[in-house]
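Peer 1: One structure is given below, represented as structure tokens, and several questions about it will come after.
The values are calculated or read from the model by the stated rules, or taken from the named source; none is laboratory data. The shown structure was predicted, so the numbers you read here are calculated from the model rather than taken from an experiment. All accessible areas refer to the heavy atoms of the entire protein, side chains included, with ligands and DNA or RNA removed. Shrake-Rupley method; radii C 1.70, N 1.55, O 1.52, S 1.80 Å.
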Amino acid sequence: WAGPLEGGGRAVVIVNRQTSQEPEDPEIELDLQWIGYQPGTQVVLRDLYAQKEIGSTNTTFRLRVAPGDCFALRVTPIEKPTLSLLPSLRLKSFSSLAGQQAPT
């Protein structure tokens, strides 16, 4: 299950419905496109139970979930700053500001 969160993140819950342990805990692979992200979107993965970041990816990630267990995580996109959105600033030297009164 995956659902949207504020800020573009997603809550993801993975449930392993197997009742017996096969040779080992199955490794579950999740593609970011399956939960609504565009190809190449870089995201951070946060384990909600452990309350810590567990990595980042821009394609898929793999988790081991024991039979009868579940795993909850928050997937948050990493936004790259766009320089064209930054305001252009005209800086004055301190000496040019000397003697000027502050605007009221």
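Peer 1: Note down the accessible area of residue 53, probe 1.4 Å, to the nearest 10 Å².
Peer 2: 120 Å²
Peer 1: Using a 1.4 angstrom probe on the protein heavy atoms only, could you order 61, 71 from most to least accessible area?
Peer 2: Values: 61 15, 71 35 Å².
Greatest to least solvent exposure: 71, 61.
Peer 1: For the full complex of protein chains and a 1.4 angstrom probe, list 29, 6 by accessible area with the highest value first. Intermediate results must be reported in sequence, preceding the final value.
Peer 2: Working: 29 75, 6 170 Å².
I get 6, 29, largest accessible area first.
Peer 1: While we're looking at this one, here's another question. Order the following by accessible area, largest value first: 19, 57. Probe radius 1.4 Å; ligands, DNA and RNA are ignored.
Peer 2: Numbers: 19 140, 57 20 Å².
Sorted by accessible area, descending: 19, 57.
Peer 1: Obtain the radius of gyration and the Kirkwood radius of region 1-53 from its C-alpha atoms and give Rg over Rh. Show your work: numbers first, answer last.
Peer 2: Numbers: Rg = 13.4 Å, Rh = 13.2 Å.
Answer for region 1-53: 1.01.
Peer 1: Per residue, how much accessible area does region 16-76 have with a 1.4 Å probe, in Å²? Could you put the intermediate results ahead of the total?
Peer 2: On the way: 3970 Å² over 61 residues.
Using a 1.4 Å probe on heavy atoms only, each residue of region 16-76 averages 65 Å².
Peer 1: Could you pull the accessible area for residue 60 with a 1.4 Å probe, rounded to 10 Å²?
Peer 2: Per-residue accessible area (residue 60): approximately 50 Å².
Peer 1: When only alpha-carbon atoms are used, what values of Rg and Dmax, in angstrom, describe region 17-79?
Peer 2: Over region 17-79's Cα set, Rg and Dmax evaluate to 12.9, 41 Å.
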